[in-house]
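Note sheet for the following structure.
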Amino acid sequence: MHVHLRIAVPLWLLALSTTGFLGCGSADDTSHQGGSGGESGTCSVGEIRCAGQIPLTCNAEGAWVAGEACEFACVEGDCTGECVAGSERCDGLVPQRCNAEGAWVTGEACQFACSGGACAGGCAAGSERCDGLVPQRCDSEGAWVAGEACEYACSAGACIGACVPGSTQCDGLIPETCNAEGVWVAGDACEYACSAGACIGACVPGSTQCDGLIPETCNAEGAWVAGDACEFVCTEGGCTGECVPGTGRCEDLIPETCSAEGAWVAGDACEFVCAEGDCAGECVPGTGRCEDQIPETCSAEGAWVAGDACEFLCTAGICTGECAPGDQRCRDASTVETCDATGSWAATTCPYSCSARLNQCACDPGYVGDGFACTPIDFCNALNGGCSPQATCSQVGATPTCSCNPGFYGDGFSCTVPVTLIDEGFDDISQLPARGWSFENLSAPPGIVSWFQGNNVSNGGPFDAFDGNANGYIGVNFNSTAGSGTISNWLVSEPVNFGGQAALSFYTRAADGPTRYADRIEVRACPQLPCALPEDSGSVGDYSILLGAVNPTLVSNGYPSAWTRFEYTNAAGIPWSGSGRFAIRYFVTNGGPTGANSDYIGIDRLVMSAGAPAYAVGGVVSGLNAGTVVLWLNGSELLTVTGDGAFSFSHRLDSGTPWSVRVHQQPPGHFCTITTYAGTIAAADEGSVHVACVPESPVR
């Protein structure tokens, strides 16, 4: 291959070629101009040389004349060579370079390609290869030129095969894999199904089976596809039967069981109940019976179902009657009704009374028996009638009577021989303190005198004594306080032993004149030594028992103006036992020299007597609330107690006397019982009786 090069000619040469003259000297040298031939200048005529690519010939005038520029090279004035010096080319795989003489100089052959006189490319021209599915051919420059991608496979630069290498397919049950040459290679036949060149599935397409009640069909991929669950039985992939195997049902009393094939199989008839294919129950539904008072009804399942207990009777599982057989009630105070075996009330007249609490005929209080035949309780025989040991008991009917034996005094419950403890005539009151008496003027404000020896008439006094010396009484007057105030002047006795049949008596009077002022005394007792007096005029200290008063309301002319006897006993409040004192208190409000009340009084012949101590029987009532219960002591004393709290019988009993407390009459709506209801008096009050009441519950 020849390369033609265009030679660039300098301008000066172009100028020379135009004029045909080339000076040897400088451009302005004119020494040879106008010469007529021969050698002139610096060249010899006929001499040749090259000026680059321009051949020069020295003319007759000795001037260089330029010829046409050489195509390739100018050597010693002649055009030579076949190439432009320095140009490059390829001769096949051989790179060539044009030397200065215009001759091609060959280099070492290239491995792949030669281009522009130099080795180039990454391949041998004309070689072929594959880049994946793309065939490539090496061009003359040694560059790979890609062709159209192959559909299946590329091998040695050419498209081959009928499939994509690595792809898979199925030929029926035969899995096939495309190899590197694009050729299908068959594998072992699949057992169930072939899909995308792989064996798949767990079943033969089109086959059927059952998973419990679920029918399944094997699809084309060899996978089981579930259908709708069967209602009863699934057999070989199909729904069959009319019932669920193992279940049961009943046709009236006939139990039926569903077989494995889903068919009903009848059993033996049941005795009581058929439930879900099984015989069950212990009774015929709808029947009834009684367990004691509990009605029971046989349910639809054949089980006895208990109802609420019958109030009265249970008959064949049904509550009947208006009362419980054997129950009794009082129709009125004299008629009892008894419930018969049919639950009906039958009336009977009680000979005595009908107890509303017991709901039966009862004896009257003091009698015993069954309510039809009653006899009096012999109190005298049992407890001496509750009489004192010094008394005789007699009984008429059911009530005992106690009478003290000769030589004893009392109410028959307490019999004693009273002993005179004090017999004071006040003839000389100066002797009283030595015997234990005292005078205490607690008036407010206190006056100039306390209690004093009586002032008789002959000595200018208002009156004489009741008996004995004329001045033999003790007196007290308005000078107990100063001005106008409250008189509280105390005459206190010596200590005494209280007891049964006690009596305190005295005589007293006031002055009698044209003007009568209101006077008053109180008679008080202190039940237990020591007996402290109050600290002021308005209180009473330990003298809490008020036995009585003379002219208690301070009425003018209310105090007797003549000697008058007053007596106080156990009934008034004198204690039945113990040791204490009594006192007479001159007690006048708005008294004194300038007061509207108080004058002059005297006390004479004071006598105190008492027998042996006697003791009370009592206790407490609880649960009664506001009701009323009547209690009975020894069959003789009745005590009505209202509400809860302490109680005490009025009769006092001598030590050693037996006692018994009973309920004589129950309170309406309640029933009372007694704990510690009997005993013997042992020289002390008996307070242990406890009457406990609860809301009434009729007794059958």
- Using only alpha carbon pairs under 8 Å that are at least six residues apart, calculate the relative contact order of the chain and give it in whole percent. 6 percent
- Item | Derived scalar couplings ³J(HN,Hα) [segment 639-649; Karplus, 6.51 cos²θ - 1.76 cosθ + 1.60; whole Hz; x for Gly, Pro] | 10, 8, 10, 10, x, 7, x, 7, 9, 8, 6
- Return the percentage of antiparallel bridges among DSSP beta bridges fully within the chain, rounded to the nearest 5 %. 95 percent
- Long-range amide H partners of ALA193, meaning residues 5 or more apart or on another chain whose placed amide H is closer than 5 Å, are ILE200
- Query: Mind checking Rg over Rh on segment 379-432, alpha carbons, Kirkwood formula for Rh?
  - Reply: 1.37
- Between segment 627-700 and segment 337-406, what is the C-alpha centre distance in whole Å? 17 Å
- Query: So for the chain, taking the charge dipole from beta-carbon charges (+1 Lys/Arg, -1 Asp/Glu), which of SER537, PRO376, VAL185 sits furthest toward the positive end?
  - Reply: SER537
- Query: Lys/Arg Cβ at +1, Asp/Glu Cβ at -1, dipole of the chain taken about the Cα centre: which of MET608, PRO400, SER430 is farthest positive-ward?
  - Reply: SER430
- FRET efficiency, 1/(1 + (r/R0)^6) with R0 45 Å, evaluated for THR349 and THR315 via beta carbons: 0.90
- Determine the sum of side-chain charges near GLY206: Lys and Arg each +1, Asp and Glu each -1, restricted to other residues whose C-beta is under 15 angstrom from that of GLY206. -4
- segment 572-595-segment 432-473 distance, computed between alpha-carbon centres (Å): 16 Å
- Query: On the first, second and third principal axes, largest extent first, how far apart are the outermost C-alpha atoms of segment 108-202 in Å?
  - Reply: 70, 21, 16
- Rounded to the nearest 500, what is the chain's calculated 222 nm mean residue ellipticity when only DSSP H runs of at least 4 contribute -39500 (n - 2.57) each, over all residues? -500 deg cm²/dmol
- Item | Efficiency of FRET from Cβ geometry, ALA156 and THR80, R₀ 56 Å, rounded to 0.05 | 0.70
- Message: Can you tell me the convex hull volume per residue for segment 149-256, based on C-alpha atoms, in Å³ to the nearest whole number?
- Response: 88 Å³
- Task: Quick one: which residues, 5 or more positions from THR287 or on another chain, have an amide H under 5 Å from its amide H? H modelled 1.01 Å from N in the peptide plane, none for Pro or chain starts.
- Result: CYS298
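At R0 = 56 Å, how high is the FRET efficiency between THR640 and VAL244 if r is their beta carbon distance? Nearest 0.05 is fine.
0.10
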- Enter the Cα centre distance for the pair segment 88-162 and segment 230-258, rounded to the nearest angstrom. 86 Å
- Between ASP332 and ILE214, how many nm apart are label points set 7 Å from Cα along the C-beta direction? 8.8 nm
- Query: In nm, to one decimal, how far is the modelled label at GLU322 from the one at SER505, with both set 7 Å along Cα→Cβ?
  - Reply: 6.8 nm
- Note on the structure: Unit-weight point scatterers at every alpha-carbon of the chain, Debye formula, q = 0.06, 0.07, 0.08, 0.11 1/Å: log10 I(q)/I(0) is -0.77, -0.85, -0.94, -1.19
- For SER688 and VAL396, calculate 0.36 nm times their separation in residues minus their Cα-Cα distance, and state this gained length in nm to one decimal. 102.1 nm
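Under 15 Å from the Cβ of VAL305, count the other residues' Cβ atoms, weight Lys and Arg +1, Asp and Glu -1, and hand me the total.
Numbers: positive: ARG289; negative: GLU282, GLU291, GLU296, GLU301, ASP308.
Net of charged neighbours comes to -4.
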- Is any residue of segment 250-272 close enough, with backbone N under 12 Å, to a label point placed 7 angstrom from the Cα of THR287 along the Cα-Cβ axis, and if so, which? 271-272
- Item | Virtual spin-label span in nm between PHE452 and SER544, 7 Å along Cα→Cβ | 3.7 nm
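For ALA532 and ALA626, calculate 0.36 nm times their separation in residues minus their Cα-Cα distance, and state this gained length in nm to one decimal.
Length gained between ALA532 and ALA626: 30.0 nm.
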- Sum of side-chain charges, ALA263 neighbourhood, beta-carbon under 13 Å (Lys, Arg +1; Asp, Glu -1): -2
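Every number in this text was worked out from the coordinates using simple rules, so none of it is lab data. In this text, all values refer to a predicted model and were calculated from it rather than measured experimentally. Here Cβ is always computed from backbone atoms with ideal geometry, including for glycine, and neighbour counts include all displayed protein chains.
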